[in-house]
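The values are calculated or read from the model by the stated rules, or taken from the named source; none is laboratory data. What you are looking at is a predicted structure, and each value in this text was computed from that prediction instead of being measured. All Cβ positions, glycine included, derive from the backbone under ideal geometry; neighbour counts span all protein chains shown. Just so you know, the surface numbers come from the protein's heavy atoms only, side chains and all, with ligands and any DNA or RNA stripped out. Shrake-Rupley method; radii C 1.70, N 1.55, O 1.52, S 1.80 Å.
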Amino acid sequence: MPKDRAPTRIQKKNRAAILEAALNVFSAHGFRGATVDQIAAEAGLSKPNLLYYFPSKEAIHTALLSGLLDTWLAPLHELDADGDPMEEILSYIRRKLQMSRELPRESRLFANELVQGAPRIHEALSNDLKALVDDKTTILTQWMDEGKIARLHPYHLIFSIWALTQHYADFDVQVRAILGNEDPFAGAEPFIDTLYRKLLKP
């Protein structure tokens, strides 16, 4: 799409429709399995019309991932060094679990990118994500040094939170196949809350 003038209302609407359709297609089929034709059909646009806004499948995928990374980092940004350590960590866990409930497609899109070696966001992971995690592990270590939470490996603590919360989105089919009609999130939050309260108790 030309960048020398502000987009019209229709252009904004079409771009949003393409990204929404692409999120459905990529989260269901992965990057390799998705096609521009599938995305165009899902968006209700012709392929030439779609290519007016995005020149390739790669460009659509990159646009989605760029916005997603900001969303994914937001809960960790909110971890406050001045707050109560236990409640700050548990609040972070709840926010991550809520994202798995409300943004499962986004979670699977991100997971698919990582499984493929993160070719489109590796630089962001190595810079933005690493810098943020380094900063927050410094806070966790300080709380441990002050005896406010148990002594644990701070990076692996964060990894475990990601694994436990994102599992409910990334492996939704498996979870629901086992639980049947039971809402997985109804049991997940109290279980994870109890687990981390016991794990983190100094």
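Test Ile139 against the criterion of being in a helix (DSSP H, G or I), open to solvent by 80 Å² or more (accessible area, probe 1.4 Å), at pLDDT 95 or above and β-branched (Val, Ile, Thr), and give yes or no.
Details: in a helix (DSSP H, G or I): yes; open to solvent by 80 Å² or more (accessible area, probe 1.4 Å): no; at pLDDT 95 or above: yes; β-branched (Val, Ile, Thr): yes.
Judged against the criteria, Ile139 is not a match.
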Matching residues, segment 52-89, being surrounded by fewer than 17 Cβ atoms within 10 Å (Cβ to Cβ), in a helix (DSSP H, G or I) and not small (Gly, Ala, Ser) = Tyr52, Glu58, Thr62, Asp70, Thr71, Leu73, His77, Met86, Glu87
Checking Leu199 against (1) more than 24 Å from the chain's Cα centre (by Cα); (2) surrounded by 14 or more Cβ atoms within 10 Å (Cβ to Cβ); (3) in a helix (DSSP H, G or I), which test does it fail?
-> (2)
Among Ala6, Ala41, Ala21, the single one that is part of a helix (DSSP H, G or I) and open to solvent by 20 Å² or more (accessible area, probe 1.4 Å) is Ala41
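Which residue is surrounded by the fewest Cβ atoms within 10 Å (Cβ to Cβ), if the candidates are limited to segment 169-196 and must be among the charged types (D, E, K, R) and closer than 16 Å to Arg95 by Cβ? If you could, list the steps in order and put the result at the bottom.
Applying the first criterion (among the charged types (D, E, K, R)) to segment 169-196 yields 170, 172, 176, 182-183, 189, 193.
Remaining after also requiring closer than 16 Å to Arg95 by Cβ: 189, 193.
Working: Glu189: 16, Asp193: 14.
Ranking the candidates gives Asp193 first.
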Among the residues of segment 28-69, how many are modelled with pLDDT of 95 or more and among the acidic types (Asp, Glu)?
-> 2
Does Gln166 satisfy the condition of being over 18 Å from Asp84 (Cβ atoms), part of a helix (DSSP H, G or I), open to solvent by 90 Å² or more (accessible area, probe 1.4 Å) and of a type outside the set (A, V, I, L, M, F, W, C)?
-> no
Meets criteria (in contact (Cβ under 8 Å) with a residue 24 or more places away in the chain and touching a Phe, Trp or Tyr at 6+ places or on another chain (Cβ under 6 Å)) for Leu79 = yes
Please specify each residue of segment 102-136 satisfying the condition of being open to solvent by 40 Å² or more (accessible area, probe 1.4 Å) and not in a helix (DSSP H, G or I).
-> Leu103, Gln116, Gly117, Pro119, Arg120
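Any idea which of Arg94, Arg105, Arg101 is under 15 Å from the mean Cα position of the chain (by Cα) and over 19 Å from Pro190 (Cβ atoms)?
On the way: Arg94 fails: over 19 Å from Pro190 (Cβ atoms); Arg101 fails: over 19 Å from Pro190 (Cβ atoms).
Within the list Arg94, Arg105, Arg101, the selection yields Arg105.
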Could we say that Met99 is free of Cβ contacts under 8 Å to residues at least 24 places away in the same chain and either surrounded by fewer than 14 Cβ atoms within 10 Å (Cβ to Cβ) or not hydroxyl-bearing (Ser, Thr, Tyr) (or both) here?
-> no
